[in-house]
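Okay, structure first, notes after.
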Amino acid sequence: MTRGLPMETRILIVDDDPFICRQLEELYTTQQYAVSTAPNATEALRLLGEHDFSLAVVDLKIPGTDGIGLTREIRDRWPDLDVIMITGYASIKGAVEAIKQGASDYITKPFQKEEILLATEKVLEKRRLLDEPRRCSRSGGCST
């Protein structure tokens, strides 16, 4: 699943529910992703400042701010970091707002493992394709 991705794909999970954090962490580590978790926006921003992440999976309802506010701040400070919004409070209005604020996808809880993995793979592959010209120009060219 990580074919073509950088050596270490790091995913940040932001959710105040320890069960969801554990569930996602176990799922992602079986796919060879490096995972960090944060129970709130403050901890998420601290981790984002300390590590390079490939993706953030953010719950809509988190302490410190809501997931929309955190997504907005992530997109402002780390524009190349993609965000998948997850929520147990699904609404069309919430989904539209999440996408407007920069979320790459919006998934409702409870989710199927396949659903979150497919969304993750899709977002990471899109990012890899967008970053490829930049990597090639830095390295002096890429062969096709």
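Assorted remarks:
- Residues of region 89-113 satisfying the condition of being modelled with pLDDT under 90 and within 19 Å of residue 38 (Cβ to Cβ): 98, 101, 102
- Residues that are hydrophobic (A, V, I, L, M, F, W, C) and under 24 Å from residue 52 (Cα atoms) within region 83-101 comprise 83, 84, 85, 86, 98, 99, listed in sequence order.
- From 94, 69, residue being farther than 24 Å from residue 125 by Cβ, in a helix (DSSP H, G or I) and touching a Leu at 6+ places or on another chain (Cβ under 7 Å): 94
- Yes/no for residue 62 being within 23 Å of residue 99 (Cα to Cα), β-branched (Val, Ile, Thr) and in contact (Cβ under 8 Å) with a residue 40 or more places away in the chain: yes
- Among residues that are touching a strand residue (DSSP E or B) at 6+ places or on another chain (Cβ under 7 Å) and assigned to a helix (DSSP H, G or I), residue 44 is included.
- Checked against the criterion of being without any contact (Cβ under 8 Å) to a residue 12 or more places away in the chain and either surrounded by fewer than 14 Cβ atoms within 10 Å (Cβ to Cβ) or closer than 13 Å to residue 15 by Cβ (or both), the candidates 116, 92, 84 yield just one match: 92.
Matching residues to (1) assigned to a loop (DSSP other than H, G, I, E, B); (2) farther than 19 Å from residue 110 by Cα; (3) β-branched (Val, Ile, Thr); (4) without any contact (Cβ under 8 Å) to a residue 24 or more places away in the chain:
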site	(1), (2), (3), (4)
16	yes, no, no, no
20	no, no, yes, no
23	no, no, no, yes
37	no, no, yes, no
53	yes, yes, no, no
56	no, no, no, no
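- One residue stands out among those in region 95-109 that are polar (S, T, N, Q) and over 11 Å from the mean Cα position of the chain (by Cα): the one that is surrounded by the most Cβ atoms within 10 Å (Cβ to Cβ), which is 101.
The values are calculated or read from the model by the stated rules, or taken from the named source; none is laboratory data. Treat the numbers as computed from the prediction; the structure is a model and nothing was measured. Methodologically, a virtual Cβ is constructed for each residue, glycine included, from the backbone with ideal geometry; neighbour enumeration extends over all protein chains shown.
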